[in-house]
Amino acid sequence: MGTSALFEPIHVGKLDLSNRIVVAPMCQYSAEKGCMNDWHLIHLGQLSISGAALLTIEATAVLPEGRITWADVGLWNDETEAAMGRTLESIRRWSDITIGIQLNHAGRKASVEVPWDGGKQFAPNQPHGWQTVAPSPVRHAEGDVPPLALDRDGLRRVREAFVASAARAARLGIELIQLHCAHGYLLHQFLSPITNRRDDEYGGSLESRMRYPLEVFEAVRDAFRGKSVSVRVSGTDWVDGGWDIEQTCAFAKMLEERGCDAIHISSGGLDLAQQIPVGPSYQVPLARAVKSVVRMPVVTVGLITSFEQAEAIIATGDADMVALARTIVYDPRWPWHAAAELGAQVRAPKQYLRTQPWRFKTLFESE
């Protein structure tokens with residue numbers, strides 16, 4: 001058996017993970033009043049036996065108005081907590097995969113239709129719509145209703161909602177929280193000068209624009225005490241004058257100083273003028289830049305599809321972990337196949353042990 005960098009164990013805060021493969025959070029837009037249902041059990045259940053080390057629950061709204069769409073998963077009341085608990089109970093009966101959750105508030109990108117029905121924003125007076133909020137009253141797209149700028153009471157309410165959701169996640173036995181500061185959602189809106197036009201202590205300089213996301217991080221860290229907290233951030237807006245990799249590196253260092261356990265580097269999502277050079281591993285250079293200034297594990301994501309590609313990312317030190325989204329939905333056994341190709345092992349349910357090809361008799365470890 002050879003040694004594969006992709007299948008080496010890694011420590012992420014309080015967690016010991018068996019390999020470097022993360023199932024990224026992927027919105028399903030299939031909840032009912034914020035509550036998970038059988039679709040989420042099917043979706044997360046199949047990924048829980050994929051052989052990845054960490055399964056991340058999709059962007060989960062901390063308030064009803066923090067949902068991206070009317071069909072987003074939430075964790076803001078007893079009903080949403082109970083629904084998520086039922087889903088997790090069923091998964092844990094058959095899988096011991098580490099489970100994390102991405103907590104989010106969509107800010108000005110909220111109140112929209114599900115993507116397969118067009119994804120357009122609903123006005124507040126429409127059945128699936130509500131008034132959005134943001135750091136500043138800057139609309140996302142032409143024709144959108146401008147968001148309301150959060151005042152001090154609004155800032156406090158949102159921060160407290162993140163804390164309450166973190167406490168619910170802890171009660172559910174979730175082992176990692178990922179704070180969503182990427183893809184143009186509320187905390188990213190505070191970071192970027194494109195969307196943050198405030199003239200108080202939360203706007204203007206880089207230090208001031210980072211202030212509110214750092215406050216939310218610290219509050220979530222304290223509420224989730226004893227467990228791991230990570231952050232997802234867009235490494236760049238891909239827009240001149242917007243958030244960029246230099247600011248991301250500064251933010252990463254501030255997070256690490258405050259006890260962040262890992263940082264997941266994505267990009268874009270804030271402004272429709274973005275020009276993204278999409279291609280295989282196109283976001284890896286962003287992760288590499290952040291990795292050069294922090295010690296905490298750095299996760300990369302984006303068009304990582306081949307086993308050799310993922311192995312090279314880890315082996316060369318460009319990132320510490322790779323996150324898979326579309327790739328692992330298309331092939332939910334991608335980690336099995338990667339292990340077979342790279343001479344490694346993955347854990348598999350005992351019900352599936354007989355399925356390994358004869359030439360890979362040491363591929364599976366039983367759960």
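The values are calculated or read from the model by the stated rules, or taken from the named source; none is laboratory data. These numbers were taken from a predicted model, which means no experiment stands behind them. Glycine also receives a Cβ, built like all others from the backbone with ideal geometry; neighbour counts cover every protein chain displayed.
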**Sole residue being over 23 Å from R225 (Cα atoms) and within 18 Å of the chain's Cα centre (by Cα), chosen from C27, C35** = C27
**Request:** Scan S230, S208, S165 and give me the residue that is surrounded by 21 or more Cβ atoms within 10 Å (Cβ to Cβ), among the small types (G, A, S) and either over 16 Å from K14 (Cα atoms) or at pLDDT below 95 (or both).
**Result:** S165
**Fill in**
Flagged in region 261-317 as under 17 Å from T248 (Cβ atoms), in a helix (DSSP H, G or I) and not aliphatic (A, V, I, L, M), in numbering order, are P285, R288, K291
**Request:** Say whether the condition of being within 26 Å of L17 (Cβ to Cβ) and among the aromatic types (F, W, Y) is met by at least one residue in region 193-208.
**Result:** no
